[in-house]
1. If we scan the stretch 193-203, do we find a residue that is in contact (Cβ under 8 Å) with a residue 40 or more places away in the chain and within 13 Å of the ligand (Cβ to nearest atom)?
2. Would you point out which residue out of E136, E162, E173 is part of a loop (DSSP other than H, G, I, E, B), more than 11 Å from the ligand (Cβ to nearest atom) and of a type in the set (D, E)?
3. Which of the residues that make up the stretch 11-24 are among the charged types (D, E, K, R), assigned to a loop (DSSP other than H, G, I, E, B) and surrounded by fewer than 17 Cβ atoms within 10 Å (Cβ to Cβ)?
4. Limited to the stretch 85-100, what total is found for residues that are surrounded by fewer than 21 Cβ atoms within 10 Å (Cβ to Cβ), in contact with a helix residue (DSSP H, G or I) (Cβ under 8 Å, 6 or more places away or on another chain) and in a loop (DSSP other than H, G, I, E, B)?
Amino acid sequence: MKPLIVANWKANKDTAQVASFIKEARASLEEVTHAEVVICPSFVVIPSLASLLEGSSIKVGAQDVSEFEKGAYTGEVTALMLSRLVKYCLVGHSERRRYFGDDNDSVRKKIELLKKAKIIPILCASFESDIPEGIEAEGLVAVYEPSAAISTEGVYHPDTPENAQNMARIFKEILKDKCPVLYGGSVNENNVTDYVSGEISGVLVGNASLDSRSFVKVVSNARFSSNMLK
Ligand code: PGA
């Protein structure tokens, strides 16, 4: 498979800022044939990004989804609501677990609802224990993203490529080798090549995906090394 490069914009960028990012980056990102690019903006921006990118090779993702299917759950956005707009959806990001109480129980429910809605869940896990027990890995993407490696205020402190490879191998074992495993945490244009190799099938990029020029460089540098991979 091609490396999967997922931009996680977190609580950044309104509709106008997203439109200008796409204007700046679209041509370069669409020229890329060696990787699949996914952009995950906030919920409110998803419809306009999806319409901007209709027919494009750049895919849209969501950053989270409700654990409920539908009904009286004020403020929730359901998998069904996202189903015609996004191809992927992050679940279990460490910031969701830390600030919003997401746990393996809710993560499992979210994954099931996403699969039902034909959206590919991207399960983020800092540790082996963040992978819900017995989860069906078919149709899933997993990310090894240690929370300590997530950039803070523009300062990068990634895990070592060796440790990331080891953890990706362990995650694959737990997931019975049925899904790709990505790496996330302080990935940028200078280090992305160190991670997109071996057991690691792509990256989840936060801070370095916010600036169009830097994200284009991350994507263009995200090539598997020659001795690689399934
Ligand atoms: P970072 O964030 O690339 O800024 O470290 C990654 C993430 O939290 O998904």
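Derivation of every value follows stated rules applied to the coordinates shown; laboratory data play no part. The shown structure was predicted, so the numbers you read here are calculated from the model rather than taken from an experiment. Because the Cβ atoms are built from the backbone with ideal geometry, glycine has one as well, and the counts that use them run over all protein chains shown.
1. yes
2. Just one listed residue meets the conditions, E136.
3. D14
4. Total meeting the criteria: 1.
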